[in-house]
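Have a look at the structure below, then the notes.
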Amino acid sequence: MISARFINPHTDFGFKYLFGREETKKFLISFLNEILKGERQITELEFMDKERVPRSYDDRTILYDILCRSDSGEEFIVEMQRKDEGNFKDRCIYYESSLIATQGERGRDWSFSLVPVYIIVLMEFNITKEEKLLRRDIGLMDMKTNELFSDKFRMIFINLNAMDKLEVECNDNFERWIYILKNMDRLKEIPYKEVSDMWADFEVVADVGSMDRDERRVYESSLNSYRVLLSAFNKTAEEGHAEGMAQGMAQGMAKGLAEGMEKGLAEGMEKGLAEGHAEGLAEGIEQGKKEELKRVAQNMKLMGLDEKAIAEITGLSTEELKAMNL
C-alpha cells in the first residue's frame, strides 16, 4: 500500500522514474550540474543502454541504474545504493573500469584517447569507518603532492544520512536536492518552489498520482521489495547486535577475569567486556547478515520477483540463488 504522497527515490523503480527518463532528464541535468559545479557544466544528456553485454561467456552482465553521456562526451553512472552488501568499493571500481574498457577501439590507429567517466552514488550508509561525511570525491591523484593525475576516473559518493540540515538551512541547490531526496517519503509538498520553477515541475512528476496504472503497479512492487530488504537488514542488525552482545559479554567476562587476577578484578572485567563486545558484535552481524539475505531472497521469490530482480536487489549472484533452490 502506498501511503506517502511522493515517489520514494530509494526504490529501484522510483529512482529511475524520477531521473532516468527523457521526460525527467532536466532534473538529472540539474542534479549533476550541482554536483559538478565549478568542474563541468552539462547542457544535454543522452541515455545509454544500462545493460552491458559481457565480453566473454564467463563475464558478469553489468546492469546500471542510470547510464548516460553528456553533450561534451563524459559518461556517467548514477546509482542509488541502499545498503552495503559487501565489497561495495570494489564493485564501484569494477563498474567504472568496465565502462572505461568499452571505449577501446579495434585497430592500430586508436591512440588510447579516453573520455572521463564518473560514477555518482547516492547511498544510505557511510562508505568508510571514518568520520561520516556528506560527500566524498575520489580521483586519480599523486599521493605525495595531491595533484590530479588524470580526470578520466572520478567517483563521487553522497551519504544521504549525513544530511543534517533543516529545510530552511539549505543554501544552494545541491543541499536542496540532498534534503529532498533524503526526506521525500515524508514530505507533504516539495519545498523551494519560490526559488525556482524547477521545484514546482519536480513536485508534479514526483507525485504518486502522476503515474498511470501500469507504472503504479510496478512502483508498488519495487516499494514492497525495498521494504522487505530494509526490514531484513534491520532485523539482521538487531539479531547481530543481540548475538554480539551475548558473545561479547561472555568473552569479555572470561578475559576480564583472567586479567583481573593480575591487574585487579575491576580493571580486567571492564577492559575485557569492551574488547569482547566489539569483536563479538562484528562477528554476530556478519553471520546474521548471510542468513537473513537468504530469507530475503526466499521472500522475494514468494512475492513473484524473478531471479534477475532478486539478484540485483540482494547482491547475490545467480549461482548463489540457484544453490538455495528457490
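Between ASP151 and ILE93, what is the label-point separation in nm under the 7 Å Cα-to-beta-carbon projection?
A separation of 2.4 nm, rounded to one decimal place.
Strictly over 32 Å apart at the Cα level, which of LYS37/LYS83; LYS182/LYS301; LYS26/LYS144; LYS165/LYS308; LYS132/LYS294; LYS89/LYS193 would you flag in this model?
Listed pairs above 32 Å: LYS26/LYS144; LYS165/LYS308; LYS89/LYS193.
At 0.36 nm per residue, minus the direct Cα-Cα distance, what do GLU194 and ARG69 gain on full extension? Give it in nm, one decimal, please.
So the chain would gain 41.9 nm between GLU194 and ARG69.
Using a cut-off of under 14 Å, list every residue of the range 20-40 whose amide N is near the label point 7 Å from the Cα of PHE47 along the Cα-to-beta-carbon line.
20-29
Rounded to a whole number, what % of the accessible area of the range 66-176 do carbon and sulfur atoms account for, probe 1.4 Å?
49
At 7 Å along Cα-to-Cβ for each site, give me the label-to-label distance between MET143 and ASN171 in nm.
Taking the simple label geometry, MET143 and ASN171 are separated by 3.5 nm.
Per residue, how many Å² of accessible area does the range 120-163 show with a 1.4 Å probe?
60
The values are calculated or read from the model by the stated rules, or taken from the named source; none is laboratory data. Just so it is clear, the structure is predicted and the values come from calculations on it, not from any experiment. We place every Cβ from the backbone using ideal geometry, glycine too, and count neighbours over all the protein chains shown. Side chains included, ligands, DNA and RNA excluded: accessible areas come from the protein's heavy atoms. Shrake-Rupley method; radii C 1.70, N 1.55, O 1.52, S 1.80 Å.
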